Amino acid sequence: FLGLNLEAYFSNLQYAGYRQPNKQLNLPSIEHLEELIRRSGNQLKYVMVAPELEGAMDGMEYLHKQGIKVSAGHTLMTANEFKKFTEKHLIDALTHTGNNMGVMHQRDVGVMGVGLLDPNIVCELITDFIHVSEEMVRLILKVKEHDKIILVSDSVSLAGQPAGEYSLKGHRRTVGEDCRILDEQGGIQGCYFTLYQNLCKLLEREILPFEEAVKMASLYPARFLQCDDRIGSIKVDKKADLLIVDPSMKLLATFVGGKKIN
């Protein structure tokens, strides 16, 4: 167990997911963050904050002092507003680059544009080609240093379920035949696929060399979380978490800590 990632809890109300219908807004005050760290048993490692929220700057500074990584996401902040945070080196990453962060405009590249151009910021990327189009994936990979891109799944509990309507935490969710998970308004609510499946979809399009794509799903995230001395690559004394696949990327076996589990 590496720790907890708190994502979408401190969101702009317009991008607040489950909390939006209830009109609840969580603010990243130091007092609130102290409570969350305590309740998590000091297991918080990575926290997303919409920078426009009241108290965000102080909250981010506090998180960094606790050794916790900070990402920006679920935000409508403009580029110039966002730069006030990046200039202070308060942003370690972008959550789900391209999703829930407004649009890029020729006169305001927004949070996404600033994050892509800042060499200190890591960009999460969902490669199900539903959250982000193939053209945008290719653009991100051309602009951003590859070792600053980490593949993420955003998988939810409805991942892999048959098409149909479901109730999730009191809200209606629809799983489509096209593998989109949608809310009542038709917005995407999480990913249908696992990280491994997303990696395979990226490889199928031959956008990246095999080794580089795999590093984005393993080594580069481990480096970001500063645990690459234990995981992220195959090396003596590292934990043997391994996937065995054939040349077609069919999964043959899974090892966790050197123990075969399937």
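Pairs, please: C-beta under 9 Å, at least 6 apart or cross-chain, first residue touching a residue at least 40 places away in the same chain (Cβ under 8 Å) and under 11 Å from CYS123 (Cα atoms) and in the stretch 135-162, second exposed (fewer than 14 other Cβ atoms within 10 Å of the Cβ) and not small (Gly, Ala, Ser)?
LYS148/PRO119; LYS148/ASN120
May I ask you to say which residue of ILE261, ILE207 is of a type in the set (A, V, I, L, M, F, W, C) and either open to solvent by less than 90 Å² (accessible area, probe 1.4 Å) or touching a Pro at 6+ places or on another chain (Cβ under 7 Å) (or both)?
Of the residues listed, the single one that is of a type in the set (A, V, I, L, M, F, W, C) and either open to solvent by less than 90 Å² (accessible area, probe 1.4 Å) or touching a Pro at 6+ places or on another chain (Cβ under 7 Å) (or both) is ILE207.
Scan the stretch 94-141 for residues that are assigned to a strand (DSSP E or B) and either buried (at least 22 other Cβ atoms within 10 Å of the Cβ) or in contact with a Pro (Cβ under 9 Å, 6 or more places away or on another chain) (or both) and report the count.
5
State the number of residues belonging to the stretch 142-169 that are at pLDDT below 95, over 16 Å from the mean Cα position of the chain (by Cα) and not in a loop (DSSP other than H, G, I, E, B).
2
Does at least one position in the stretch 202-224 carry a residue that is at pLDDT below 95 and touching a strand residue (DSSP E or B) at 6+ places or on another chain (Cβ under 7 Å)?
Checked the stretch 202-224: no residue is at pLDDT below 95 and touching a strand residue (DSSP E or B) at 6+ places or on another chain (Cβ under 7 Å).
Working only within the stretch 221-247, note down all residues that are of a type outside the set (A, V, I, L, M, F, W, C) and open to solvent by less than 90 Å² (accessible area, probe 1.4 Å).
Matches in the stretch 221-247: PRO221, ASP228, GLY232, SER233, LYS238, ASP241, ASP246.
Can you find a residue that is more than 18 Å from the chain's Cα centre (by Cα), surrounded by fewer than 19 Cβ atoms within 10 Å (Cβ to Cβ) and under 18 Å from ILE149 (Cβ atoms) anywhere in the stretch 212-220?
yes
Please determine, by comparing only the residues of the stretch 164-195 that are surrounded by 11 or more Cβ atoms within 10 Å (Cβ to Cβ) and hydroxyl-bearing (Ser, Thr, Tyr), which one is farthest from ILE130 (Cα to Cα).
Among those that are surrounded by 11 or more Cβ atoms within 10 Å (Cβ to Cβ) and hydroxyl-bearing (Ser, Thr, Tyr), it is TYR166.
Could you check, for the stretch 51-72, whether at least one of its residues is without any contact (Cβ under 8 Å) to a residue 12 or more places away in the chain, touching a strand residue (DSSP E or B) at 6+ places or on another chain (Cβ under 9 Å), closer than 21 Å to ALA93 by Cα and open to solvent by 40 Å² or more (accessible area, probe 1.4 Å)?
yes
Checking ARG39 against (1) more than 24 Å from LYS148 (Cβ to Cβ); (2) open to solvent by 20 Å² or more (accessible area, probe 1.4 Å); (3) touching a strand residue (DSSP E or B) at 6+ places or on another chain (Cβ under 7 Å); (4) modelled with pLDDT of 95 or more, which test does it fail?
All conditions are met except number (3).
The values are calculated or read from the model by the stated rules, or taken from the named source; none is laboratory data. As the structure is a computational prediction, the values presented were derived from the model and not from experiment. When we count neighbours, we look across all protein chains shown, and the Cβ atoms used for this are built from the backbone with ideal geometry, even at glycine. Side chains included, ligands, DNA and RNA excluded: accessible areas come from the protein's heavy atoms. Shrake-Rupley method; radii C 1.70, N 1.55, O 1.52, S 1.80 Å.
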